[in-house]
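Only one structure is covered here, and it is reproduced in the block below.
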């Protein structure tokens, strides 16, 4: 099972479920005061991402319409191999990371206060 779509010509893809993404917003970030996050207004310089090897990162890049060139010129160069690490980083630093609903459901009540839905998306293939 992989996060899709992969769009590989030799693979057949069948969605198993659809999952929401949530913004996990730092209490230090001005976006924390908003009830929803607008994808078109996310500052790439304040976005904390998984490493390139993770398929979730590819989904987030497509979701946010991020260009590799924008990521390469970003002054913040922090990537992690774990969603949990990104959450800890965002708890202590301004910025946003994006997490899938399944991970969000397991957060403590205190951390769930940092979750924000997106204004302009619904769900993605899981």
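Sort 113-119, 100-106 by packing, meaning the average of other beta carbons within 10 Å per residue, with the highest value first.
Details: 113-119: 15.9, 100-106: 14.3.
Answer by packing, highest mean first, reads 113-119, 100-106.
The order of the peptides 33-40, 92-99, 15-22 by mean Cβ neighbours within 10 Å, most packed first, is 92-99, 15-22, 33-40.
If each residue of separation counts as 0.36 nm, what is the full-extension length gain between residue 36 and residue 7 once their alpha-carbon separation is subtracted? Mind showing how you got there, number by number?
Numbers: separation 29, 0.36 × 29 = 10.44 nm, distance 3.03 nm.
Stretched out fully, the residue 36 to residue 7 stretch lengthens by 7.4 nm.
None of the figures in this text is laboratory data; all of them are computed from the coordinates on show. Keep in mind that what you see is a predicted model, and the values were worked out from it rather than measured. Here Cβ is always computed from backbone atoms with ideal geometry, including for glycine, and neighbour counts include all displayed protein chains.
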